[in-house]
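Asker: One structure, pasted below without further comment.
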Amino acid sequence: MKNEINKRNIITELLKIGIYKIGGLAGGLLGAFGGADNSSKLWRRLGIPLLISVLSFIIIKRWEVLSIMSLYAVLTIGYGIPSPPILPDIDPGDEGSPLGRFFYNLFHMNWKYQEVRANIFTRGTIALLSCLTFLYIPIIKSNWIIYIVGSIITILVYATLSWKTLGSVTIFGKSLIWSEIIPYSTLTIFAMFLIF
């Protein structure tokens with residue numbers, strides 16, 4: 001009887017690890033597809049919230065977890081930082097997102113450090129808001145330690161990696177950048193840990 005219970009526990013834990021990996025990969029790919037050239041941002045903005053919401057509802061079986069769909073609104077905020085025109089006729093520059101402009105203008109220093117600080121705070125804010133959309137899960141499941149630690153890791157990954165040049169990989173004919181795959185995978189894995 002004890003061996004049977006141990007086997008079930010081992011199988012359950014292996015299934016969870018598989019779900020974390022598959023879910024993390026799916027979230028990372030959805031996030032990166034949403035940022036790829038000639039691709040719809042809905043892959044990211046709608047795909048990730050749907051993935052996490054549906055899994056949350058299936059596992060937790062409470063309607064409140066569908067509030068995770070508010071992640072859609074967070075992912076539409078954008079995290080672009082203003083960039084000056086390099087050659088006005090060829091590259092007019094980028095005005096950035098409202099949040100990116102706010103932090104960019106908040107840090108009036110030389111341009112290099114102004115951009116770095118604006119990126120860190122803009123992406124960190126997006127990550128914080130994303131983590132807040134998961135708040136109903138620890139309220140229901142009382143897994144606050146996982147929520148707090150996962151939020152800190154997610155915010156740090158977004159703030160430190162999501163704006164850097166980390167290379168790319170081609171999948172399904174799209175060039176997907178690692179600086180989008182990693183943060184969105186982290187966010188999705190964090191959600192999986194909360195759900196399971």
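Asker: Only one of these is out of contact with any helix residue (DSSP H, G or I) (no Cβ under 6 Å at 6 or more places or on another chain), in a loop (DSSP other than H, G, I, E, B) and crowded, with 16+ Cβ neighbours inside 10 Å: G96, G80, G35. Name it.
Answerer: Numbers: G80 fails: out of contact with any helix residue (DSSP H, G or I) (no Cβ under 6 Å at 6 or more places or on another chain); G35 fails: out of contact with any helix residue (DSSP H, G or I) (no Cβ under 6 Å at 6 or more places or on another chain).
The match here is G96.
Asker: R101: of a type in the set (K, R), under 21 Å from P49 (Cβ atoms) and out of contact with any Leu (no Cβ under 8 Å at 6 or more places or on another chain), yes or no? Can you show your working first?
Answerer: On the way: of a type in the set (K, R): yes; under 21 Å from P49 (Cβ atoms): no; out of contact with any Leu (no Cβ under 8 Å at 6 or more places or on another chain): yes.
Here the answer is no, as R101 does not meet what is asked.
Asker: Shifting gears a bit: Considering only the range 1-59, how many residues are modelled with pLDDT under 95 and touching an Asp or Glu at 6+ places or on another chain (Cβ under 8 Å)?
Answerer: Matching residues across the range 1-59 total 1.
Asker: Of everything in the range 153-168, what is of a type in the set (S, T, N, Q) and either surrounded by fewer than 14 Cβ atoms within 10 Å (Cβ to Cβ) or part of a loop (DSSP other than H, G, I, E, B) (or both)? Give them in sequence order. Give the steps one after another, and end with the answer.
Answerer: The initial filter retains those residues of the range 153-168 that are of a type in the set (S, T, N, Q), namely 154, 160, 162, 165, 168.
Within the range 153-168, S162, T165 meet the criteria.
The values are calculated or read from the model by the stated rules, or taken from the named source; none is laboratory data. Source: prediction; values computed, not measured. So basically every Cβ, Gly included, is an ideal-geometry build from the backbone, and we count neighbours across all protein chains shown.
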